[in-house]
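See below for the structure under consideration.
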Amino acid sequence: MTPKELQDLSVYPAFPETVRELVRVLGLEAAAAVVTHFAGRSFRVPVAVSSPFQRPASRSRREILKCISFEVLTQLVKEMGGCDIYIPSCQKAMLQKQADKIRAEFDMLTGKTGGYTFRQAIFDLAGRYHRSDRWIEKVLKQPSINPRKEAVI
């Protein structure tokens, strides 16, 4: 996930608070790398860090250094050292974003300029998003998500 994608997701209500905290501690770019690399997994933040030239002692430290710099790891250790943290995948926020996009495209397709019937629009969107027509219909029945006007990270 790119930093821009992470920032775009931050306007949705389902954006995880843990990721918001990671952005605060690590910065947007490093947080995006951590979410990409560790999504859906838990790991223990090392208690201390030693020289970046020494061999990393723990597996979690070796893994995290694959995606962030030693300086960023040092900041993470200062803030959350010794804690077990779960890195969410942001899947719910991604689904909220996709649902908003589907609703907007449906309105465009069935509007005056689109000319699609309800069934034609459902068929088109199901193929475009690789979803079932029933899933698309369910999304259209749900109220629109009101994302914040600006990114909160």
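The values are calculated or read from the model by the stated rules, or taken from the named source; none is laboratory data. Since this is a predicted model, take the numbers as computed values, not measurements. Cβ: placed from backbone, ideal geometry, glycine included. Neighbour counts: every protein chain shown.
Filtered by the rule that a residue be of a type in the set (Phe, Trp, Tyr) and assigned to a loop (DSSP other than H, G, I, E, B), the stretch 103-153 gives a lone residue, TYR116.
Considering only the stretch 1-52, state which residues are part of a loop (DSSP other than H, G, I, E, B) and touching a Phe, Trp or Tyr at 6+ places or on another chain (Cβ under 6 Å).
We begin by selecting, within the stretch 1-52, every residue part of a loop (DSSP other than H, G, I, E, B); these are 1-2, 10-16, 27, 39-40, 45-52.
Within the stretch 1-52, just PRO52 meets the criteria.
Go through the stretch 129-153 and report how many residues are among the basic types (Lys, Arg) and under 22 Å from the mean Cα position of the chain (by Cα). Number of matching residues: 3.
The set of residues in the stretch 88-120 that are over 20 Å from VAL11 (Cβ atoms) and in contact (Cβ under 8 Å) with a residue 12 or more places away in the chain comprises PHE106, LEU109. The numbered conditions (1) buried (at least 20 other Cβ atoms within 10 Å of the Cβ); (2) in the same structural domain as ASP133 (by TED's automatic domain parsing) are all true for VAL72 except (2).
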